[in-house]
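*Asks:* Let me give you the structure first, and then I'll get to my questions.
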């Protein structure tokens, strides 16, 4: 594994990586976040009965919007032209949680891992925001990359992920 830091120049200053020499390839990334909550809060979420309305619909849009704005949020991240962004949810009764999977795609010279991660985190934060009126101790956890393809390093799949 290469141990050099790609975001440092020869003088040790931070820089955006120059990807102009890299070939464009189709790139896909999927990230996960988990939102843990009390059973009563989850039931209100399932029924769309929380004070702020349909939590998952709002979180989906927030995640997609965040994926599109990642280059503005992460200082050295390249602004990308996404070809696809989506956020999906699995509502699990036991333990009570919402599992978020965010997917981003592009054709380009750099990957979309950050877009998928930021989308998952933003969807999770939106769920928190919309549920906090009934529960303040909601936990956001397990934010991680599950899958990525494209580019020189090829495919990465987390051991517990099936596509």
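*Asks:* Any residue at all in the stretch 70-91 that's under 24 Å from residue 138 (Cβ atoms), in a loop (DSSP other than H, G, I, E, B) and in contact with a helix residue (DSSP H, G or I) (Cβ under 6 Å, 6 or more places away or on another chain)?
*Replies:* Looking through the stretch 70-91, none of the residues is under 24 Å from residue 138 (Cβ atoms), in a loop (DSSP other than H, G, I, E, B) and in contact with a helix residue (DSSP H, G or I) (Cβ under 6 Å, 6 or more places away or on another chain).
*Asks:* A further question follows. Would you pick out the residues in the stretch 105-129 that are touching a helix residue (DSSP H, G or I) at 6+ places or on another chain (Cβ under 6 Å) and more than 29 Å from residue 43 (Cα to Cα)?
*Replies:* Within the stretch 105-129, 114, 115 qualify.
*Asks:* Which residues, taken from the stretch 114-136, are touching a residue at least 24 places away in the same chain (Cβ under 8 Å) and either in a loop (DSSP other than H, G, I, E, B) or at positive phi (or both)?
*Replies:* Of everything in the stretch 114-136, those that are touching a residue at least 24 places away in the same chain (Cβ under 8 Å) and either in a loop (DSSP other than H, G, I, E, B) or at positive phi (or both) turn out to be 133, 134, 135.
*Asks:* Just wondering, is there one or more residues in the stretch 119-126 that are over 11 Å from the mean Cα position of the chain (by Cα), at pLDDT below 95 and crowded, with 20+ Cβ neighbours inside 10 Å?
*Replies:* Looking for residues that are over 11 Å from the mean Cα position of the chain (by Cα), at pLDDT below 95 and crowded, with 20+ Cβ neighbours inside 10 Å, one finds none in the stretch 119-126, hence no.
*Asks:* Filter the stretch 127-155 down to the residues that are more than 11 Å from the chain's Cα centre (by Cα), surrounded by 15 or more Cβ atoms within 10 Å (Cβ to Cβ) and within 20 Å of residue 84 (Cβ to Cβ), then identify the one that is modelled with the lowest pLDDT.
*Replies:* Taking the candidates together, the pick is 151.
*Asks:* Got a sec? Which of 20, 24 is more than 14 Å from the chain's Cα centre (by Cα), more than 29 Å from residue 137 (Cβ to Cβ), at pLDDT below 95 and loosely packed, with under 13 Cβ neighbours inside 10 Å?
*Replies:* None of the other options fit; the residue is 20.
The values are calculated or read from the model by the stated rules, or taken from the named source; none is laboratory data. Given the structure is predicted, the values throughout are model-derived calculations rather than measurements. All Cβ positions, even for glycine, are placed from backbone atoms using ideal geometry, and neighbour counts span all protein chains on display.
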